[in-house]
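The values are calculated or read from the model by the stated rules, or taken from the named source; none is laboratory data. What you are looking at is a predicted structure, and each value in this text was computed from that prediction instead of being measured. We place every Cβ from the backbone using ideal geometry, glycine too, and count neighbours over all the protein chains shown.
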C-alpha cells in the first residue's frame, strides 16, 4: 500500500472479526488485521506488516471504546495464546461463532439459505477445561506459548481450566526448582521436561502426564510424594517419552509411575475410562449438550441401525445406544477401540459393536453382510472426512447424517460434496465448547433427498 509503511501509526475503525479473532478494519480501502482490536472500536494502530493484499497491526491507543469490549479476567491474556476472545463480550463471542459457521458454509461449501441456529453458550463460561497441555521451558517455566512465538509464558493459573490444575501447577514448579529438574530447551537440547498434560474428572480426580525427552527422569519418587501428599486428588501419574521435537505433545511410549491405569469420567449417565492418549471432549457440560443434539437431530425411535464413524473410545456410540436398535462404532486406532470395548463392559451395554478399521472400508463390508444403515454419525478430526469415506457414505445411503465438526472450513467443504450427491442440509447447531477462543463445534443434520 502506498503512503503507509511499517512502524507508522494510523487511525482505524474495527468493523469485523477475523476467524483467528483479530480485529478487521480498512484504511483508504486497504484491509488491516489488528491484534487487540474489537469490533466497534476506533483505534490507533501501529503497522507491523504490509503485504500485497492486507496489512497487520496492533492497537496502541483506543479513541472510542467498543460496547462489546470486556476486561479480560485472566492476567496472562495479552501475552498468552490460549484464549483469543477474552476481551470480547461473551454474547458477541457466541454471535461471532455463528457467523463464522455461516460464512464458511457460503464461501467454501457454496451452500446458502441454511438454518444456522444461535450458538448454545454456557451460563458460566469459565473453569470448563478438563484437559490442559502446558509447554515447559528452561528456567523452570510452565505455561503457554506467547502469541506468535515459541517462547513459553509462565502461567500461575488460568480461569478456563479446573482449579485442581492450578494446584498441580504450583506443586510441579516447586518440584522442578527444588530438585533442579529443568524444562527442555530445543535450541540447546538441554533440560528434561518438555510438556505437562493434566486431565481432571467430574469427581475432582486428576491424571498427570509428564512428557520428557527420553527415559531419564530423576527424583520421580519425590515428585509422586509431592503430588499425592495433600490428599487423593491425583490418582494417576505417567511419564511419557517424546524424542521428537515437533509440536506434538505426546510420544509413543507411556510409563506409569503411580496409581490407576486410567481415570474414570462421565458424560450424562455413562462412565468412561480415560488413558493419557484418549480423545475425550474437554468440556463436560457442553459435551452433553452436543450429544443430546445428535440424538435430537437423528429423531431416533429405537428401531434404527446407526454407524458411528471416528468413534474413538466410544463416547457417542454408548451415549446414543439406548435410543437405537444397534450401533456400529468404527475407529482406525487400535488402542481407542480397546478402550471403547472396555467402556462398553463398564456400562453393561449389549447393542453396540466396535470395529477396528477404516470407516471407508468397514461401511461397504456391513452393506455386503446385508446390514442396512439407517443413520450415520461422523465426528472427524479437524481435517474433516476423507474423500473415500464420503463415497462410502453415499454408497451406504443413510436416511440421515449427523456431522459433528470442530472445524467450520472442512465441515463446509464436506457438506458441499454431500449436497452434490443428493443430501440436503436441514439445520446446523453451533455449540460453544471452547469459550473465549475462536474454536466452534457444530452438529449438522443432513437428510437424503434422492438416491
Checklist entry - Can you name every residue in region 185-195 that is surrounded by 13 or more Cβ atoms within 10 Å (Cβ to Cβ) and within 15 Å of residue 246 (Cβ to Cβ)? => result 186, 194, 195
Checklist outcome for this item: Being outside the structural domain of residue 344 (by TED's automatic domain parsing), buried (at least 19 other Cβ atoms within 10 Å of the Cβ), farther than 30 Å from residue 440 by Cβ and more than 18 Å from the chain's Cα centre (by Cα) narrows 238, 258 down to just 238
Checklist entry - How do the pairs read when you match residues in region 173-191 that are at positive phi and at pLDDT 95 or above with residues anywhere that are surrounded by fewer than 20 Cβ atoms within 10 Å (Cβ to Cβ) and in a strand (DSSP E or B), using Cβ under 8 Å and keeping only pairs 6 or more apart or on different chains? => result 191/185
Checklist entry - Looking at region 151-194, which of its residues are in a strand (DSSP E or B) and either more than 23 Å from residue 232 (Cα to Cα) or not assigned by TED's automatic domain parsing to the domain that holds residue 223 (or both)? => result 152, 153, 154, 183, 185, 190, 193, 194
Checklist entry - In the list 308, 265, 254, which residue meets the criterion of being outside any loop (DSSP other than H, G, I, E, B) and closer than 16 Å to residue 400 by Cβ? => result 308
Checklist entry - Restricting the search to region 121-136, which residues are buried (at least 17 other Cβ atoms within 10 Å of the Cβ) and in a strand (DSSP E or B)? => result 129, 131, 132, 134, 135, 136
Item to check | Residue identified as assigned to a helix (DSSP H, G or I) and surrounded by fewer than 17 Cβ atoms within 10 Å (Cβ to Cβ) among 203, 225 | outcome: 225
Checklist entry - Of the residues that make up region 392-412, is at least one in the same structural domain as residue 116 (by TED's automatic domain parsing), outside any helix (DSSP H, G or I), more than 21 Å from residue 283 (Cβ to Cβ) and out of contact with any strand residue (DSSP E or B) (no Cβ under 9 Å at 6 or more places or on another chain)? => result no
Next on the checklist: Residues to consider are 166, 113, 182, 139; find the one that is surrounded by fewer than 18 Cβ atoms within 10 Å (Cβ to Cβ), touching a strand residue (DSSP E or B) at 6+ places or on another chain (Cβ under 9 Å) and farther than 20 Å from residue 433 by Cβ.
Outcome noted: 139
Next on the checklist: I'm checking my understanding of the structure. Among residues of region 228-251 that are part of a loop (DSSP other than H, G, I, E, B) and over 21 Å from residue 335 (Cβ atoms), which one is modelled with the lowest pLDDT?
Outcome noted: 247
Checklist entry - Of these, 86, 73, which one is in contact (Cβ under 8 Å) with a residue 12 or more places away in the chain, out of contact with any strand residue (DSSP E or B) (no Cβ under 7 Å at 6 or more places or on another chain), buried (at least 17 other Cβ atoms within 10 Å of the Cβ) and on the phi < 0 side of the Ramachandran plot? => result 86
Checklist outcome for this item: If you go through 385, 389, 363, the only one that is free of Cβ contacts under 8 Å to residues at least 40 places away in the same chain and touching a helix residue (DSSP H, G or I) at 6+ places or on another chain (Cβ under 7 Å) is 385
